[in-house]
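Got a structure for you, written out below as C-alpha cells; questions coming shortly.
The values are calculated or read from the model by the stated rules, or taken from the named source; none is laboratory data. For clarity, every value in this text was computed on a predicted model and none was experimentally measured. FYI the Cβ positions are ideal-geometry reconstructions off the backbone, even for glycines, and counts take in every protein chain you see.
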Amino acid sequence: MTRLIKLLYALKKEFRLITRDVQTVTILFVMPAVFIMIMSLAMRDLFELHSSVSINVLAVNRDTGKNADAFVKAIEGLPTFKFHLLEKDATTERIRKRMFAEDYKFALIIREGTSAFVAGESGEGGDKPLELLVNPSVNVQTQMVLKGALEKNLAKLRQDVLIDHLGGILQAAGIDVKKLKADNESPIELRYAHMEGRSSKVPSAVQQSVPAWLVFSIFFIVIPLSNTFISERGQGTLMRLKSMNVSRISLIVGKMIPYLLINVMQAVVMIMIGMYIVPLFGGTALTLGSSPGGLALIAISVSFSAISFALLIASLARTTEQATTIGAVLNIIFGALGGIMVPTFVMPRFMQDLANLSPMAWGLEGFLDIFLRDGRAGDVLPESLALGLFGAIMLALTLIILRRQREV
C-alpha cells in the first residue's frame, strides 16, 4: 500500500509538471497534424489510380510526314502528360529557354525523318527520330514513365504501318487486320496484396502519412519529458523523493504513465484527423483496419520505446538544451532512416538494410500492417516485440546511469 501511495504521489507530481508545460505538449499534437494535412494533400495524386494531375510537356514536330502527325495525335491521348505544340521552326535554344522560363519538365522534339523511321526506312543521317529534353529536377521514375510511353506509341505506330503494307497477305491468310491494329489494352491486372482471407485496401496518401508522422511525433515526447526531468533534477526534487524512499522504479513508472496517456491521445487525435479532417480538404479518408487490438498493441509498443528512449536522453543530458538538441537530432536520423521522410523502397539496398536499425521503421511497418494489410495482433507481434526489447534496453541503461549519478 505504501508503494502504491508513493506511486500515486509521483503521478500527481508529473501531471502537475505537464500542465505547466502546455506549450511544449501542444507541439506534439500540432506538428503531426500539420504534417499529416500537408503530406496527405500534397501526395494525394501520387497514390490515386485516376489522378487529375498532368505533367506539361513542350513538343515540336519538325517532320512534315503523315506518320509524324499520327504519332503526335497518339501521344496527345496520354492521360498523365499534356503536350503543348510549338511551331516547327522553334530552335533547340528557344525550347530550352521556354522550359526554364515556364517551368516545363520535358520538351519533346520530333525530328525530321520520323515518318521515314516509322515506315521502316532509314532516317536522315541515321539519327534517332525523337529527342527528349529533361529538366534536371525531374526524378528518374517520372522520366522513365514518359520515355516508356513514347517508345510504346512509336512502336505501335510502326506496327500499324507494317500491317498496312502486309494487309493483302494477312487477309489472304485469314488474319483479321482490324484486330491487329486495334488499341491493345494492358494485359496486366493490378491487384493489391493483403493477408489471406482478409479485405484488400487501396493505398492512399493519408494511409501513408498518418502512421508515419504519428510515429515521428510520438518519439518527440523526448522534449517535454526531458524538460521536466532535468528541471526536477536541478531543483532537487528528485533528491527529496529519494529521501522519502521513493524507489527509482516508482519514479520511472510515475513518469512513463502520464506520457503514455499523452501518446494515446496523440494516436486518437491523428487518426481522427485522417478520418474526418483530411477529407474536408479534398483528401482521401483514412480507413482503419479490422483489428483494434493490433492497433492498440503497436501504438503502446511505439509509445513505450519512445518514452524509454526519452528517459535515457534525459538522464544523460545535463541541460534541457542538450536534451532537446540530442533528442531532436536522433529522432530526425531515426525518421530519415526509418522511411518516415523518404519511403524505404526508393532507397539503395544498403540504406534499406540500415532502415531496419531504426525503431521508427518497426513502428511504421506495424501501423501499415494494420491500416493497409488488414493485419491482426499476431501480424504486428514481431514489430511490437522489437520495440519492447528496444524500450527495455533503454530503461535498463537509464537505471544504470541514474544509479551511477546517485542523484536519483
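Keeping to the stretch 102-156, report how many residues are at positive phi and either modelled with pLDDT of 85 or more or not assigned by TED's automatic domain parsing to the domain that holds Thr80 (or both).
Residues meeting the conditions: 1.
Taking Met37 and the conditions (1) of a type in the set (A, V, I, L, M); (2) out of contact with any Gly (no Cβ under 7 Å at 6 or more places or on another chain); (3) not assigned by TED's automatic domain parsing to the domain that holds Thr284, which numbered condition does it fall short on, given that it satisfies the others?
(3)
Here is a further query. From the set of residues in the stretch 65-93 that are β-branched (Val, Ile, Thr) and over 18 Å from Val161 (Cβ atoms), which is surrounded by the fewest Cβ atoms within 10 Å (Cβ to Cβ)?
Result: Thr91.
With respect to Thr2, is the statement that it is farther than 30 Å from Ile273 by Cβ, modelled with pLDDT of 80 or more, among the β-branched types (Val, Ile, Thr) and exposed (fewer than 14 other Cβ atoms within 10 Å of the Cβ) true?
no
Do we find a residue being more than 21 Å from Arg373 (Cα to Cα), buried (at least 23 other Cβ atoms within 10 Å of the Cβ) and under 19 Å from the mean Cα position of the chain (by Cα) anywhere in the stretch 276-299?
Yes, that holds for at least one residue.
Still on this structure, please answer the following. Limited to the stretch 372-396, what total is found for residues that are buried (at least 24 other Cβ atoms within 10 Å of the Cβ) and in a loop (DSSP other than H, G, I, E, B)?
1
Before we move on, is Lys73 part of a helix (DSSP H, G or I) and either in contact with a Phe, Trp or Tyr (Cβ under 7 Å, 6 or more places away or on another chain) or over 14 Å from Leu58 (Cβ atoms) (or both)?
yes
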